[in-house]
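**Q** Submitted below is the structure of interest, expressed as structure tokens.
The values are calculated or read from the model by the stated rules, or taken from the named source; none is laboratory data. Quick caveat: nothing in here was measured; it's all calculated off a predicted structure. Virtual Cβ from ideal backbone geometry, glycine too; neighbours counted across all protein chains shown. Protein only, heavy atoms only, side chains kept; ligands, DNA and RNA dropped before computing areas. Shrake-Rupley method; radii C 1.70, N 1.55, O 1.52, S 1.80 Å.
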There are 2 protein chains.
Amino acid sequence: MCRIFLFLFLIILTESNARSHDKTAVKINFHEMSLQRLTALRALMASQPTALAAYIIPTADAHNSEYIAPVDARREWISGFTGSAGTAVVTSSAALVWTDGRYYTQFQQEADMSLWTLMKQSLPDTPTIESWLASNLTAGSVVGVDPHTFTRDQWTPLQTALTKASMQLTPVQTNLIDEVRTQMGDPPPKRPNNDIIALPVQYTGKSAGQKISELRQKMVEKKVSALVITALDEVAYTLNLRGSDIEYNPVFFSYLIITPAAVQLFVNGSMADAVTSQLRAELAHISVLPYTQVLQHLQALAKELSTTGDGKHSIWLSSDASEAIHRAAAGVDVLKTPLNLISEVSPVSLMKLVKNDVELEGFRQCHIRDGIAVIRLFKWLHDQIDAGATVTEIQASDKLLEFRKDESDFMGPSFSTIPGAGPNGAIIHYSPSRDGPQKIIEKNDMFLLDSGGQYKDGTTDITRTRHMGKPTAEQKSAFTRVLKGQIMVGSALFPQGVKGNVLDSFARHSLWEVGLDYAHGTGHGVGHFLNVHEGPSGVSWRPYPHDPGLKPGQILSNEPGFYKVGEFGIRHEDLVEIIKITKDSKHPKAATLVGDYDGRGVLGFNTLTLVPHQKECIDVNMLTDFELSYINAYHARVLDTVGVILQQRGLNQDLQWLQRECAPMRRD
Amino acid sequence: MCRIFLFLFLIILTESNARSHDKTAVKINFHEMSLQRLTALRALMASQPTALAAYIIPTADAHNSEYIAPVDARREWISGFTGSAGTAVVTSSAALVWTDGRYYTQFQQEADMSLWTLMKQSLPDTPTIESWLASNLTAGSVVGVDPHTFTRDQWTPLQTALTKASMQLTPVQTNLIDEVRTQMGDPPPKRPNNDIIALPVQYTGKSAGQKISELRQKMVEKKVSALVITALDEVAYTLNLRGSDIEYNPVFFSYLIITPAAVQLFVNGSMADAVTSQLRAELAHISVLPYTQVLQHLQALAKELSTTGDGKHSIWLSSDASEAIHRAAAGVDVLKTPLNLISEVSPVSLMKLVKNDVELEGFRQCHIRDGIAVIRLFKWLHDQIDAGATVTEIQASDKLLEFRKDESDFMGPSFSTIPGAGPNGAIIHYSPSRDGPQKIIEKNDMFLLDSGGQYKDGTTDITRTRHMGKPTAEQKSAFTRVLKGQIMVGSALFPQGVKGNVLDSFARHSLWEVGLDYAHGTGHGVGHFLNVHEGPSGVSWRPYPHDPGLKPGQILSNEPGFYKVGEFGIRHEDLVEIIKITKDSKHPKAATLVGDYDGRGVLGFNTLTLVPHQKECIDVNMLTDFELSYINAYHARVLDTVGVILQQRGLNQDLQWLQRECAPMRRD
């Protein structure tokens, strides 16, 4: 699944599942409801101790999560717009949402356009929120934000810009949207508090106690007195626990504070005995405190540290932690001289970026099982369509889930499946609605299927594109160019320590040669039975800001694509593992190595994903000798690895299908 | 000529022309002199209104020039270290220089190591200047800097870091090194004040009046009341004037202030009549003021603007302008509320980045003449060495200058020629000394020759590498891989607006495949009869911070390399022009275009440099069909373009040599 970084001038892609407001009565009610919500918010803004000239509502929770739970969908509630990205700004006379090109049409369908203004942030002439505020509010204005919903990295530049314009950015501790909802008798849903499970060391490869002790070692090197962990996947990783509070992301709402003497977990509800006993067995001695008490505990800690020892204590946290957490940790409201904070990329994020041997072996193993599910789906789908049966995109997606459920340690999808048939394949973040008419996968459709699974031993994310009948020459050519890009990345050697951006152009080279491109990045990091998008590394045309440089043991996606709007989409996505290469490595370029980049070390990739590419869509004459032998070797490996298991399970028809799919290609 | 961005762990390269201090008496005198200088500086630091705990002496002039004039070589004078890069920090008890891996050995040879500490800034564990100051000075310390020698972009982060550490960064208006020199009877040399020449519009393609009027248009759009131009090449470009105050850079010490009503040039000495009359003819109505009065004029302007109109005036300048200029323009010392500054990439730098048609045609023409000079040099050199004559690196370099002087509109070298024979070829910024023994170019040497010329119609920068006898298999392989990299960049198509960094990995791909790399960027911008290194675009593994995105009409170098320390160096450097590509363009990939990146537009390169690569060093079997036909087509073009002129001039032997060099290659 790709992370989108929108080009300016990107052809605008929209989702097709917009709510319909086609009845006048509904429209009037909708207008009244929207207006009531805005009016109530404005009243609350005016009644603040210092009246707010503007209130900003981002799409965010207190943990900088990529996906948010319904309780945090505040921008959606106030604006009516349900897209996954956008920031609302409400003043006494204006209400605006900044969002990107994916959502322009959807916004206009969902929001009440008599009340709301769409700010098209992909257009170069659209002002940023800062500059809009600076030119539309009068000097002396106060702008309010719930400091839980802004990271320090977001807060600081906004504060600087507003100060420059003689305005003030103020943290409003109680979320005004939550308050309005309660006032209006439509309180926000409860924050999820689902069961937490313990992931045994046979999956994690390292005990929670060991992780905590390594973090404490880093704290000693950094000379800090506490480490505050705020990202949900980082808490889950550190304690070897998993949850299900956010769809697709096996995490739970929590904070973690580590000091030399204690580990405090702030979480709602109680922990099951199995969890507690695993933590004990892994020598992670933690105390459990209510989720809502983290700020006051941080303030107390800041106070305590400021008065003990030499008074030179520091607290370490991620610059992606919220402004609220930063202020509490610095003791802003309780100390005359705030405590020193070290606010930078989190050490947990750098630790979990490099997978250990057990995690890596888990990734390899779950990719075999996941490959079986995807292979079985495609075999089934071709059979259905060849037999003239009707299969909708959603039915294909559901069938895939069935096949995944057959696999051991499967815990659920790692994101919402993207089953784009025909023109829908060109909608990069497509998600078909279960309501209304369904798109049937037709015999002459290209079908792009991007999906992934959460397994106890790892996370998968795979896209394969298959034509249900006979591809056109244009489709074959584009399919082959995307494949050449994927091979150029997959087979690349590069110096250890370079950032992921240096690989991006390899994925585009073959497309660029004929004037084609794709409007998303080439690769993202992947968590181990954690978030399918994991920082801080990635492959895009610009460096990821906190990319520490590529190292063996990282997992990345390798997913070039091509999208012809209104006709078809192509994406080939593998997950790959970064491996160290020497002359003896099992890698097609290992034997000819003559250097190791002056001692920096040679890195390359091992492809984890094991599902063949459709040979009917490959123009063999466009491949170089190297590319042809690379793809044939890959298909042979898929058959070797997966075929045995199909045989063991007696899935002979699937095996026969796979054998045909993996038979070597030859040039005419 | 390449711009170096050093890798960590870079093999340390050093220059071989270090001064020798082999006599004890000289050493003692040298020690005493170094000590006296430091002692005098420390006394001056202590006697400032607020005593300075540290004084920072960068390698810089007041215009952020890449090369500096002797009058500005203050770090060299205080430290004894003559390298081109480094920053000195002097405290009451310590004296340190931060410099990069090129200069570690040279520093130890040149500086008095009993007084000075070398801070190896290429090593990951070396603290930055900020963090060294923060941990080595006591809270409350005052650090002094001549604000002319720090840009605002350098000043702000240092100030932030020191403030965090409860220290203060203070601007010291009078340069303390200049003061010490004067005190010690060794005053700094005079600031150069050489003749300024007017470059007619037949070369510049746009009158100074037109440029000023376009800048004024931008000032209206930006709503600013004045534009301050501080970079020397930007002043020269705007006024169509050239100078020779800095070696190799045809610029003159000056500042330019443009307001809606006036253009003020701050410059030493008087202007020749020819210059004045050209400016008049080009409708550039300027007043000339003394160079040293710029600060007081800016302060007066700030004062005036703060009291007129609505009081909302802004001044526009480059964030690379000095802190001194920023403070004066804001009226820091004369106004209660400083004036608003717009401090960002300079509009002149963005204007001159895209060459106009006359400039582009000039670039094409001067590259033909420059190619003739380089071709004649190589022909002559092979003849000499084949005949057993002795030719030193410097003699080859001098001979090349002779050939360039034969060419019309030649104004001088564009940088110090790098003539690296054998192991010297691996020293990336090699510059042989005229003193002491000279390296003779041997029959079994690889010879890397990086040189360039300033012509009235353009600037050249070319590197060719030739073996004087028979290259080894290793040399041929590396030579061919570097060439494949150059072709992959030179033949690339890419979307308009991408930043130069997306091309960098193409240049390295073939080297990376076998574990080789080079420790410098791939391309830099080039001025039009201006600086051979020109911002703000370039091709390196990280984006240039102010790169506005590539556009047709830019000039870049394309210069991958490979360096085997102690043995040989290879670099192939062309200058290329960015061109728009459509299906009808003269470009090897034009005919097969099927898209234009969704309307963004397709860009590619036209290679300007016209000198063949040595076929004996190319392993034809390592080239793809495309590469082979590309290089053969290039050689045919060189012969077509240059051969005619050699014939016209009756240089028949040179022509015959060129014909052999450009004859097509075939596979075995």
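**Q** In whole Å, how far is the Cα centre of the range A:281-358 from that of the range A:620-644?
**A** Rounded to whole Å, the Cα centres lie 50 Å apart.
**Q** Compute the distance in nm between two label points, each set 7 Å from the Cα along the Cα-to-Cβ direction, one at A:SER92 and one at B:SER47.
**A** 6.1
**Q** Counting only other chains, what is the mean number of Cβ atoms within 10 angstrom of the Cβ of each residue in peptide B:599-605?
**A** Counting other chains' Cβ atoms within 10 Å and averaging over B:599-605 gives 2.
**Q** May I pose another question? At most 14 other Cβ atoms within 10 Å plus a DSSP loop assignment makes a site exposed; report the longest stretch of chain A without any exposed trypsin sites (Lys or Arg not before Pro).
**A** Between the exposed loop sites, the longest stretch runs A:24-189.
**Q** Then there's this: Would you compute, for the Cα atoms of the range B:21-88, the largest minus smallest coordinate along each principal axis and list the three values in descending order, in whole Å?
**A** Dimensions of the range B:21-88 along the principal axes of its Cα atoms: 39, 32, 16 Å.
**Q** Around A:SER141, which amide H atoms from residues at least 5 apart in sequence, or from another chain, sit under 5 Å from its own amide H, with H modelled in the peptide plane?
**A** Here A:GLN168 satisfy the definition.
**Q** Nearest 5 is fine: what % of DSSP beta bridges in chain B come out antiparallel, could you say?
**A** 70
**Q** If you place +1 on the Cβ of every Lys and Arg and -1 on the Cβ of every Asp and Glu, how big does the dipole about the Cα centre of the protein assembly as shown come out, in debye to the nearest 20?
**A** 140
**Q** Can you compute the equivalent ellipsoid semi-axes for the range A:524-668, i.e. the square root of 5 times each eigenvalue of the Cα gyration tensor, sorted largest first and rounded to whole Å?
**A** 28, 21, 19
**Q** With respect to the axis carrying A onto B, what is the closest chain A residue by Cβ position, and how many angstrom separate it from the axis?
**A** Residue with the nearest Cβ, plus whole-Å distance, for chain A: A:SER505, 3.
**Q** Here is a follow-up. Over the Cα atoms of the protein assembly as shown, Rg to Rh with Kirkwood Rh, two decimal places?
**A** 0.97
**Q** Bin by bin, in steps of 5 Å, what percent of the Cα pairs in the range A:451-519 do you find, going until the bin that has the longest distance?
**A** Spelled out per bin, shortest first, that is 3, 13, 18, 18, 18, 16, 8, 4, 1.
**Q** Compute the acute angle (0 to 90°) between the alpha-carbon long axis of helix A:208-222 and the principal axis of greatest extent of the alpha-carbon atoms of chain A; round to the nearest 10°.
**A** Tilt of helix A:208-222: around 60 degrees.
**Q** Any idea what the relative contact order of the range A:203-269 is, in percent, if you count C-alpha pairs under 8 Å spaced at least 6 apart?
**A** Relative CO of the range A:203-269 lands at 29 percent.
**Q** Related question: Cβ under 10 Å from A:ILE375's Cβ, A:ILE375 left aside: what net charge do those residues give with Lys, Arg +1 and Asp, Glu -1?
**A** Value of the local net charge: 0.
**Q** Return the calculated 222 nm mean residue ellipticity for chain B, to the nearest 500 deg cm²/dmol, obtained by summing -39500 (n - 2.57) across DSSP H runs with n ≥ 4 and dividing by the residue count.
**A** -11000 deg cm²/dmol, from helical runs alone.
**Q** Within the protein assembly as shown, what percent of beta bridges assigned by DSSP are antiparallel, to the nearest 5?
**A** So the antiparallel bridges in the protein assembly as shown amount to around 70 percent.
**Q** Under a Cβ-only charge scheme (Lys and Arg +1, Asp and Glu -1), can you give me the dipole magnitude of the range B:363-500 about the Cα centre, in debye to the nearest 20?
**A** The dipole magnitude comes to about 440 debye.
**Q** Averaged over its residues, how many other protein chain Cβ atoms are within 10 Å of peptide B:504-512's Cβ atoms?
**A** So the per-residue partner count for this stretch is 5.
**Q** Compute the Cα gyration tensor for the range B:381-423, then decide on rounded, prolate or oblate, letting a ≥ b ≥ c be the square roots of its eigenvalues: rounded whenever a/c is under 1.5, prolate when a/b is larger than b/c in the other cases, and oblate in all that remain.
**A** Judged from the Cα gyration tensor, the range B:381-423 comes out oblate (a/c at least 1.5, b/c at or above a/b).
**Q** Based on the alpha-carbon gyration tensor of the range A:108-178 and its eigenvalue square roots a ≥ b ≥ c, which shape applies: rounded if a/c is under 1.5, prolate if not and a/b is larger than b/c, or oblate?
**A** Verdict is oblate for the range A:108-178.
**Q** How tilted is helix A:393-405 with respect to the longest principal axis of chain A? Cα atoms for both, answer in degrees (0 to 90, nearest 10).
**A** In chain A, helix A:393-405 runs at an angle near 90 degrees to the longest axis.
**Q** Within the set A:LYS589/B:LYS476; A:LYS120/A:LYS164; B:LYS164/B:LYS352, which residue pairs have Cα atoms separated by over 31 Å?
**A** Those over the limit are B:LYS164/B:LYS352.
**Q** Relative to the first principal axis of the alpha-carbon coordinates of chain B, what is the inclination of helix B:24-46, with its axis defined by its Cα atoms, in degrees from 0 to 90 and to the nearest 10?
**A** Its long axis makes an angle of about 50 degrees.
**Q** Below 12 angstrom from the Cβ of B:GLY422, what's the summed charge of the other residues (Lys, Arg +1; Asp, Glu -1)?
**A** -1
**Q** Among A:GLN653, A:PRO49, A:GLY412, whose Cα lies farthest out toward the positive end of the dipole of chain A, if unit charges sit on the beta carbon of Lys, Arg (+1) and Asp, Glu (-1)?
**A** Of the listed residues, the answer is A:PRO49.
**Q** Next question. Between B:GLN438 and B:GLU221, 0.36 nm times their residue separation minus their Cα-Cα distance comes to what?
**A** 72.4 nm
**Q** May I pose another question? Can you tally the net charge around B:PHE150? Count Lys and Arg as +1, Asp and Glu as -1, for every other residue whose Cβ sits under 14 Å from the Cβ of B:PHE150.
**A** That sum, taken over residues with Cβ under 14 Å, equals -3.
**Q** Let me ask something else. Can you work out the Karplus-derived ³J(HN,Hα) for every residue in the range B:624-629? Use 6.51 cos²θ - 1.76 cosθ + 1.60 with θ = phi - 60°, whole Hz, and x for glycine or proline.
**A** Working through the residues one at a time gives 6, 4, 4, 5, 4, 6 Hz.
**Q** Still on this model: Given all pairs of different Cα atoms, what value in angstroms does the Kirkwood hydrodynamic radius of chain A take?
**A** After inverting the pairwise mean of 1/r, the radius is 26.7 Å.
**Q** Right, another one. If you look at just the Cα atoms of the range A:407-446, how large are its Rg and its Dmax in Å?
**A** 12.8, 36
**Q** Between A:ASP625 and B:LEU289, what is the spin-label point distance in nm, taking each point 7 Å from the Cα along the Cα→C-beta axis?
**A** 7.1
**Q** How many nm is it between the label spots at B:ASP125 and B:ALA387, if each spot is 7 Å from the Cα in line with the beta carbon?
**A** Placing both labels 7 Å beyond Cα along the Cβ direction yields 5.7 nm.
**Q** Have a look at the DSSP beta bridges in the range B:14-169 and tell me what percent are antiparallel, nearest 5.
**A** Of all bridge pairs located within the range B:14-169, approximately 45 percent are antiparallel.
**Q** Quote the FRET efficiency, to the nearest 0.05, computed for A:THR170 versus A:GLN296 with a Förster distance R0 of 25 Å and r equal to the Cβ-Cβ distance.
**A** 0.80
**Q** Kirkwood hydrodynamic radius of the range A:497-577 from all distinct Cα pairs, in Å?
**A** After inverting the mean inverse Cα-Cα distance, the result is 13.3 Å.
**Q** Other chains near B:487-495: what is the mean number of their Cβ atoms within 10 Å of each residue's Cβ?
**A** That average works out to 3.
**Q** Identify, among B:ILE68, B:THR463, B:VAL358, the residue whose Cα sits farthest towards the positive end of the charge dipole of chain B, taking +1 on the Cβ of Lys and Arg and -1 on the Cβ of Asp and Glu, with the dipole about the Cα centre.
**A** B:VAL358
**Q** Label position 7 Å from Cα toward Cβ: report the copy-to-copy distances for B:GLY553 in nm, one decimal, ordered from shortest.
**A** Its label point is 5.2 nm from the equivalent points in the other copies.
**Q** Got a sec? Which residues in the range B:229-259 would a label at B:ASP178 touch, if it sits 7 Å along Cα→Cβ and we count backbone N under 16 Å?
**A** Answer for the range B:229-259: B:253-255.
**Q** Check cross-link reach from A:LYS470 to the lysines: straight Cα distance under 28 Å, and skip same-chain residues fewer than eight apart.
**A** A:LYS379, A:LYS399, A:LYS439, A:LYS443, A:LYS484, A:LYS564, A:LYS615
**Q** Let me ask something else about it. Between copies, how far apart are the B:GLN296 label points? List them in nm, one decimal, shortest first, with each point 7 Å from Cα toward Cβ, please?
**A** 6.5
**Q** Calculate, in whole percent, how much of the Cα-Cα pair population of the range B:386-486 lies beyond 22 Å.
**A** 36
**Q** When only Cα pairs under 8 Å and 6 or more residues apart are kept, what is the percent relative contact order across chain A?
**A** For chain A, the relative contact order is 11 percent.
**Q** Give me a comma-separated list of calculated 3J(HN,Hα) values for the range B:282-298, in order, Karplus coefficients 6.51, -1.76, 1.60 applied at θ = phi - 60°, integers in Hz, x for any Gly or Pro.
**A** So the J values, rounded to whole Hz, are 8, 6, 9, 8, 10, 10, 9, 10, x, 3, 6, 9, 5, 5, 5, 5, 5.
**Q** Residue by residue through the range A:384-389, which ³J(HN,Hα) values in whole Hz follow from phi under the Karplus form 6.51 cos²θ - 1.76 cosθ + 1.60 (θ = phi - 60°), with glycine and proline marked x?
**A** 4, 6, 4, 7, x, 6
**Q** Can you put B:GLU661, A:GLU361 in order of accessible area, largest first, using a 1.4 Å probe?
**A** Sorted descending by solvent-accessible area, the residues read A:GLU361, B:GLU661.
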